[in-house]
Each structure stands twice: as structure tokens, then as C-alpha cells.
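For reference, the structure is listed below as C-alpha cells.
Only the coordinates and a few stated rules stand behind these numbers; no lab work does. Remember, it's a predicted structure, so these values are computed and weren't measured experimentally. Every residue, glycine among them, receives a Cβ derived from its backbone with ideal geometry; neighbour counts consider all protein chains shown.
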Amino acid sequence: MLKTLSVCTIFIAILLASPAKATEDLIDVHIHYSHDAWEMLPPEEAVKVLRDAGLKKAFVSSSSDEGTQKLYAVAPDLIVPVLRPYRKRGELGTWVRDESVIGMIEKKLKENTYAGIGEFHVYGEDANLPVIRRIVELANEHGIFLHAHSDAEAIEFIFAQNPNTRVLWAHSGFVPPKKLAEMFARYPHLTSDLAVRSEHDNDGTVDPEWRALFLAYPDRIMLGTDTYAPELWYYVIDHANETRVWLQDLPPAVARKISQENAEALAEWALKK
Ligand SMILES: [Zn+2]
């Protein structure tokens, strides 16, 4: 009797210790795992956060790339590695004029598998500097995407260099839905993520202007949290749950594209070889 009871107790304890698994119905394309994040949250724990958030996949980049490689080693089924051109924090404003970045990127692309290069920051005419020109060439040579935190002008310059480039526009460029629709119409290979945007979510219902955009371009938009600071890792699960609420306000086929199918297609295209 006592033995049965203790076995039961252990079983219940195990059940309570593993939280109900959320369905793996989301892909987050904007996760960073930089050195200060892995000091706070070791790779196994970070992977647990992503799995507990119910993520099917997470596109991860980091300064330096070591963080991405650490996560990828623990969970290759979950992590889609993206190569950030920053070796450490603080290179965000200087990297576009630092031509030593090119060699680093070329070397990494030979050594490891990546679905894209980014997330990087470039604005306006800086998108025509040699470092960006070379990155656009490399993305096209390797058949991978660029994850660009940029204004519309820089995106235009990138497509002017090569209209076949696949660009994932971080934070949907922080532009309003009308401008985004205009850009999507002009550039068939432009996609975007909703990281750090919240205007589309009116307490669980979708804002009408954003709804029109989602319905007009259901294949172009993806989800992102943007863990740019280590403490934002604590927000990944809440963000996934909040996202599930407003997604329910969209037609299911559109919600599925935004929540996972668009990101899945991009990752499959990039990692096809
Ligand atoms: Zn970011």
C-alpha cells in the first residue's frame, strides 16, 4: 500500500513538474542569444524556454555567433541559425564601415550552416557601402536571406543591388501598414517580422488596418519577440501566449501562415542544400 502510494506520489510530482506542453504552433523569427544572455540562461535552459513557449522553431542570432552555435548544438531540430555580423555588443553602429566584418562572415559561412545573415542594422545610403554590398552578394551566392533592421530607403538600395535577394525586414521597418503594403507590392521577395510591434493587437483583436494588410499579404509576415536584452528571455512565453490570442481573430488559414508556415517556408528554402 505504502509502496503504491509512493509510486503514485512520484508520478504526480513528475506531472506537476512538467508544465502542460503548449502546442508547437508558432515560429519566432527574431530571437537573440548574445553573450550576456548565455551567462544568465545556459543553453539547456534557454531551449527549455523556447519549447515551453510552444515554439516549433526559433530563428536565432547572437553577438558573437557563439551563442547561436551553443543553442543549435543543444536543439538542432528547434534552432534555425542566423549569422549576426557583430562579434560583440557595441558594433551595431560601426560595423557597416568595418571591412574586417566581410572576412569574418565569409569564414563563418564556410564553417557552419546558416539560414540567413542578420539581424543587422543599416539605414539609408549606408546600404550602398562595400560591407553591405558584399553581404547582399554573399546572401545570394549562398541562397540565404538577410534579416535587416532598416528604414525603407536602405531596403530599396538592397533590392536595387539585387532584386532576387530575400529580405526579412525586422520590426516590419517600424512603418505603418500602408507603407508596408506598398513595399510588399514593389518587392516580391520582401517579408517582415512583427517583433516589438504591438499596434496590430488591440487587446486580443486585430486592428482593422493591420487586418487588411494580413489578408492582402498573408505570405509575407512572421512573428518575432526580439530578445535583444537578456531579461527579455523571460518574456518569450508570455509573448507567445499573447500572440495566440490575436491570431485567433484572423481566418485560420491566414493565422497559420503568419504563425508558422511563412517562417517554415523561408527556413526550408534557405536550408535546402
Ligand atoms: Zn533584434
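Points to keep in mind about this one:
- Karplus-derived 3J(HN,Hα) values for the stretch 65-72, using 6.51 cos²θ - 1.76 cosθ + 1.60 with θ = phi - 60°, are 5, 3, x, 4, 5, 4, 5, 4 Hz; glycine and proline are entered as x.
- The order of the peptides 156-162, 118-124, 76-82 by mean Cβ neighbours within 10 Å, most packed first, is 118-124, 76-82, 156-162.
- Charge dipole of the stretch 117-166 (Cα centre as origin; +1 on each Lys and Arg Cβ, -1 on each Asp and Glu Cβ, all else neutral): 200 debye, rounded to the nearest 20.
- Taking one quarter of the surface of the C-alpha convex hull of the stretch 20-149 gives a mean projected area of 8.0 nm².
- Amide hydrogen proximity for residue 59: with H placed 1.01 Å from N in the peptide plane, the residues at 5 or more positions away or on another chain lying under 5 Å are 28, 29, 30, 31, 80.
- Normalised by residue count, the stretch 217-270 yields a Cα convex hull volume of 87 Å³ per residue.
- Among 117, 31, 237, residue whose mean-square fluctuation peaks in a GNM of the chain (springs only between Cα atoms under 10 Å): 237
- Note on the chain: with a GNM built from Cα contacts shorter than 10 Å, the maximum mean-square fluctuation among 56, 179, 107 falls on 107.
- A Stokes-Einstein calculation at 4 °C with viscosity 1.567 mPa s, built on the Kirkwood radius of the stretch 112-234 over Cα pairs, returns a diffusion coefficient of 86 µm²/s.
- Loop-located GluC sites (Glu not before Pro) in the stretch 21-111 (DSSP state other than H, G, I, E, B) with a sparse environment of at most 15 neighbouring Cβ atoms within 10 Å: 24, 99.
- Among 98, 126, 201, residue whose mean-square fluctuation peaks in a GNM of the chain (springs only between Cα atoms under 10 Å): 98
- Binned Cα-Cα distance frequencies in the chain - 5 Å width, integer %: 1, 6, 13, 17, 18, 16, 12, 8, 3, 2, 2, 1, 1, 0, 0, 0
- Averaging the sequence gap over all C-alpha pairs within less than 8 Å and six or more residues apart, then dividing by the number of residues, gives the chain a relative contact order of 19 percent.
- Using the Karplus relation 6.51 cos²θ - 1.76 cosθ + 1.60 with θ = phi - 60°, the per-residue 3J(HN,Hα) values for the stretch 79-88 come to 8, 9, x, 10, 8, 7, x, 10, 7, 8 Hz, with x marking Gly and Pro.
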